[in-house]
Every structure is written in structure tokens, then in C-alpha cells.
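To keep things clear, I will list the structure first and then write my remarks on it.
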Amino acid sequence: MAGAIKKSTNLTGLAVCSKPHLELTPLYNRILRVLEKFPKDYAYRKETEKIVKDRLKIVKETGDIQAIEDKIGCGQVEELIIQAKNEMLLTEKMLVWKPWEKLIQEAPPNQWTWPAHK
């Protein structure tokens, strides 16, 4: 895992992660394990799996931290760790919520129209 260790993220309150590979790999693997419990055709599962697998592949194949940041293109590795933790929390919550199941009762007829009807 080559690459110069940076001294600062230049983001207030965000400390430098010295070993991002050791942080990101388990997070991405855990997200994928939770997603396996979702229905195979559920859109959130398909799209999230694609993104996480792509990012995990980049992290595993790339030793240089700067190269990881450039290939993923979503911020510094410290920000990627925060994103992965947030995605993991959302994935675990969605597994409890089960949004793919049918509603208990029908939604009101104009629930998704704007402006709201009286």
C-alpha cells in the first residue's frame, strides 16, 4: 500500500486516515453482505451493489491512496469512509423497513402530486 501519507485533509474536523484500505474494505464487504438479504430485483440493491463492488475493486487493486481518490472521484478517502459508513447504516435500516413490501393500506390518491390537492 504505497503512497505518501498526507498531513491534513484540509477539512475541518476530518482527521487523516493512515490505513484507508483497512477501513474501506470491511465496510464495503459488510454493505454487500447486508444487500444479499434484499430481493434480487430490488432497484436499491442492484444499484448499490454495483457502486460498492466497483469501489471495492478499486480499493483492492490500487495501492496508492491518491489513485483511489482519483478513480472513485467522490472525495478524499476519509470522505469515502464516511460515505461507506452512512451507506451501511442506511442499508441496515432499509433491511428493517422492507420498503419493497406492499403497503399496509393504499396510498391516498394524490399523495405524490404538487401542488397538494385539498
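Being hydroxyl-bearing (Ser, Thr, Tyr) and under 16 Å from the mean Cα position of the chain (by Cα), is that true of even one residue in the stretch 62-81? No - not one qualifying residue is present in the stretch 62-81.
When the test is whether a residue is closer than 21 Å to Leu11 by Cβ, of a type in the set (Asp, Glu) and modelled with pLDDT under 95, Glu87 does not pass it. Taking the criterion of being under 20 Å from the mean Cα position of the chain (by Cα) and in a loop (DSSP other than H, G, I, E, B), the residues of the stretch 16-28 that qualify are Val16, Cys17, Lys19. Let me confirm something: among Thr62, Thr113, which residue is closer than 30 Å to Lys7 by Cα, among the hydroxyl-bearing types (Ser, Thr, Tyr) and either touching an Asp or Glu at 6+ places or on another chain (Cβ under 6 Å) or modelled with pLDDT under 95 (or both)? Just a single option satisfies the conditions, and that option is Thr62. Taken together, Lys19, Lys71, Lys60, Lys7 contain a single residue that is free of Cβ contacts under 8 Å to residues at least 40 places away in the same chain and surrounded by 15 or more Cβ atoms within 10 Å (Cβ to Cβ), which is Lys71. The condition of being under 16 Å from the mean Cα position of the chain (by Cα), modelled with pLDDT of 90 or more and not aliphatic (A, V, I, L, M) holds for only one of Lys40, Lys50, that being Lys50.
The values are calculated or read from the model by the stated rules, or taken from the named source; none is laboratory data. Everything numeric in this text was worked out from a predicted model, so none of it was measured. Neighbour counts run over all protein chains shown; Cβ positions are idealised from the backbone, glycine included.
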